[in-house]
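Notes follow once the structure below has been shown.
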Amino acid sequence: MKEEKANDLFSTKVGAIAAAAGSAVGLGNIWRFPYVLGENGGAAFLVVYIISTILIAIPVLLTEFVIGRKTNLPVSGAYNSLAPNKWWNQIGIIGVLCAFIILSFYNVVAGWTMCYTVRSATGALQGLSEDAIQQAFVSLSESPWECLIWMVVTIVASAFIVSRGVKRGIEWSSRILMPLLLLLIIVVCVRSLTLDGALQGVQFLLSPDFSKITPQSIFEALGQSFFSLSIGMGTMTTYGAYISKKQNLTSCAFSVAFVDFVIAFLAALMIMPCAFACGINPGSGPGLVFVTLPNIFNAIMFGQAISFVFFLLLFIAALTSSVSLLEVIVAYFMNEHSFSRRKATVVSAILIGIFGTLCAFSKTLFGLFDNFSANVMLPLGALFIILFAPIILGRTGMRNELEAHGGKCKLFGLYYALVRYVVPIAIVIIFVNCIMSWMGVKIFA
Ligand code: TRP
């Protein structure tokens, strides 16, 4: 795994942040965040999401960076090397399983974006009425064979990138293409905000009705913050190994979280006003982005060209995230089973193709994988990571790693208290509270 030691490649701060942000920014921000927010009541969910990101997700992200950089190993080796022969060095394996589950539905959605790129190029969405736009999505999502073809294209593309080594592609995409995507999101946002009836969408997003907060929505906000930051399964541990000792980990973590949040927020600001303006239910589920955006493109100058570039960039954003997940699986086969990179990539791609096919054919399975990975597996993985770090590295070990660049970590006391007590307790409470509410027992809400 020598080639994985990428300190030489991500030696600049911008490079390291761009790479981690490339993993974080993806469908989670633009596809998942708006639809989960829409299903959970809008502004109140946004508030819970922000709190969960600051108090829970950022400390977990930082801890993953600490473990990764300390061991300088990708996830499957990192936990193992710090705690050999302890049962919880199996975090790496949980991460690999989780990557499988996420990739199975993630590639289906990435396939949808590819399909929408082609549809924009051929003008298939041009001038359609609101109903016809809805119908266009239904006809895609309900034809498993079509989903399957697009999904296979996505898997082959990501396998191709991974088989050649990820670094260069990811850095290029994050530094050049993602800023372009941000720019387009802003353009689309402006148009969406100026549609007739957009104000209601802004209100939905910005004026919280706290009575809408339920144990379930807190649970979903937690899961979404983990999914969006790619934490809880070791992807960011791997990226931590790529960050040079000279850099300030704390500021890297904040920068990644900031970029990730801004993109998610802008995505919601682009979608909600349009949804309200076009009479689309914001709680209409995973198709939300695909049934709203074409309406904006139809109402904008050069709409089809913008639509094409937009979906293409979204596809690339999905690809950089998908690659970061695939890399976890490939690294596992290479490290633990001594596969060559090529063989590891082919085997992983085939396995993901099989799981993905199940998701393309069954909406129930798709939903189950989506919810289970984000809301159950990632928080549990994060719980392990957060218990693991202070026990295995100790307070001093963590502090030394955070201050390895030669500066002081001013917030260390707060960070440590969060990691040691607040985060694990919060995850357990949110979990138990949600399960109780499913069973009809109310503890907090
Ligand atoms: N964060 C990515 C997104 O928002 C998805 C992703 C990539 C991910 N790697 C991950 C999610 C690891 C969870 C864990 O699209």
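The values are calculated or read from the model by the stated rules, or taken from the named source; none is laboratory data. Everything numeric in this text was worked out from a predicted model, so none of it was measured. So basically every Cβ, Gly included, is an ideal-geometry build from the backbone, and we count neighbours across all protein chains shown.
Assorted remarks:
- Count of residues meeting criterion [within 13 Å of the ligand (Cβ to nearest atom) and at pLDDT below 95] in the range 23-56: 4
- Answer from Leu266, Leu288, Leu314 - the residue that is more than 22 Å from Gln203 (Cα to Cα) and either within 16 Å of the ligand (Cβ to nearest atom) or not polar (S, T, N, Q) (or both): Leu314
- Counting only helices (runs of 4 or more DSSP H) wholly contained in the range 57-162, the ones carrying 1 or more residues that are away from the ligand (no atom under 15 Å from the Cβ), surrounded by fewer than 22 Cβ atoms within 10 Å (Cβ to Cβ) and among the aliphatic types (A, V, I, L, M) occupy 75-82, 91-122, 130-141.
- Of note, Met377 satisfies the criterion of being among the aliphatic types (A, V, I, L, M), surrounded by 15 or more Cβ atoms within 10 Å (Cβ to Cβ) and within 23 Å of the chain's Cα centre (by Cα).
- The number of residues in the range 333-352 that are surrounded by 19 or more Cβ atoms within 10 Å (Cβ to Cβ) and out of contact with any Phe, Trp or Tyr (no Cβ under 9 Å at 6 or more places or on another chain) comes to 3.
- Among residues of the range 279-334, those that are under 21 Å from Gly367 (Cα atoms) and not in a helix (DSSP H, G or I), counted: 5
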